[in-house]
Amino acid sequence: MKRFLDFLWPIIGLVVVVVSLWLLHREFRGEAVGAHVWADLKAISLGHYVLAGASTLVAYAALAWYDRIALMHLGVKHISWPFIALCSFTTYALGHNIGASVFSGAMVRYRAYSTKGLSAAQIAILVAICSLTFALGTLLLSGLVLTIAPQQLQRLSEFLPSHLTDPKMARLIGFLCLGIVAAYSAGSVFRLRPLTIGGFRIEYPRPGITVRQFVAASMELLGAAGIIYFALPETGNPGYFFVLGVFLASFSAALVSNAPGGLGVFELLFINAMPDVNSLGVLTSLVVFRLFYLVVPLLFAVIVVILFERRRLDEVLHGAEAEPAQKTETTLVPAKLSKGGKSEKPAGIS
């Protein structure tokens, strides 16, 4: 059964991507998309590009904080902030673009953190805590959005059953999200029994770490949504709060699809959820989002990985060269004489 599910989910993700791309093609059929998008990109002011760039920095700084929080929970203190930031940046830049970010992120983290002495079990817990931190932030912000503005789900009426888009039901979903957040917080404060996710057993973190999880995850999501908000055209722009709600729904759906970068899924939901904004204007803002949040970080991440692997290769090669020389040198150390005149071998030589 497990092997069947291992094949089923990637197939479902692929189908979702293909259908989304087909629907997008139908949405813009007959439009000179390239020319319009290029014109809209040039129409965005320099100030808004700067604000979108600042939002990107906030998002990736928060993602680095995810790893730092997880290491604090594990009691690991010897790893420097710059190393954590580079590892986190590379992990998410690759994971967001490749898809299946939990698994791709785990591989990058294992390669990096194992050089700092972390075991496979510790790295697995670190990955689980980072994923949990993101989920907590999504639940917290989604709960707040749906309780304050439950009509938000009506923007996705084309994709959701009608009973889910009803404001009363939407508000109930919002309270449910906040209830899960409150239950997790209570587990932290009252030190309840460990939380089990799949095969992993995670102790509830200390309250200070729990607060950091909520703050870091909220920062990341608020920053990512800010990129799109600042790139949207002013005409028909519903405001940041509504953009945040649409972003949470679209980004979560894109992650569930496991599509590389949520390709097609993210755009389709976002465009249909903002009917008051020109479709090509929304598409342009999503192009800016992909450029700032996905493409540029990916380019830097590839450079970081190349430099890291080159350094590791040098260490392996130099270590292999040094080992024979060290053995040769130890054989030349003369044996010491004991008081009785018998020879003694130096320590470490068999």
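At an R0 of 45 angstrom, the distance between the Cβ atoms of M169 and T235 translates into a FRET efficiency of 0.90.
Report the local net charge at E220: Lys and Arg +1, Asp and Glu -1, summed over other residues whose C-beta lies under 15 Å from its C-beta.
Numbers: positive: R68, R212; negative: D67.
Taking every other residue near E220 into account, the sum is +1.
Want the number for I306 to T147: 0.36 nm per residue separation, take away the alpha-carbon distance, what's left? Let's see the in-between values first.
Details: separation 159, 0.36 × 159 = 57.24 nm, distance 4.61 nm.
Full extension from I306 to T147 adds 52.6 nm.
Starting from the Cα gyration tensor of the range 94-193, take the square roots of the eigenvalues, sort them a ≥ b ≥ c, and report rounded, prolate or oblate (rounded when a/c is under 1.5, otherwise prolate if a/b is larger than b/c, else oblate). The shape class here is oblate. Potential lengthening of the chain between L317 and Q154 amounts to 52.7 nm, from the contour at 0.36 nm per residue minus the alpha-carbon distance. A straight chain from E203 to I180 at 0.36 nm per residue would run longer than the Cα-Cα distance by 6.6 nm.
Placing a label point 7 Å from the Cα of N278 along the Cα-to-Cβ direction, the residues of the range 37-58 whose backbone N falls under 19 Å from that point are 37-49. Rounded to 0.05, the FRET efficiency of the L46 and L192 pair, given R0 = 51 Å and the Cβ-Cβ distance, is 0.50. Highest-first packing order for the peptide set 79-87, 226-234, 108-116 is 226-234, 108-116, 79-87, based on the mean count of other beta carbon atoms within 10 Å. Shape of the range 136-197 from its Cα gyration tensor (a ≥ b ≥ c, root eigenvalues): rounded if a/c is under 1.5, otherwise prolate when a/b > b/c, or oblate? Prolate, since a/c reaches 1.5 and a/b exceeds b/c. Counting every other Cβ atom within 10 Å of each residue's Cβ, H163, H36, H73 order from fewest to most as H163, H36, H73. Put simply, when 152-158, 179-185, 60-66 are sorted by average Cβ atoms within 10 angstrom per residue, most first, you get 60-66, 152-158, 179-185.
Bear in mind that the values in this text are calculations on the coordinates, not laboratory data. Only a predicted model underlies this, so the values are computations on that prediction, with no experimental measurement involved. Positions of Cβ are generated from backbone atoms using ideal geometry, with glycine treated the same way; all protein chains shown enter the neighbour counts.
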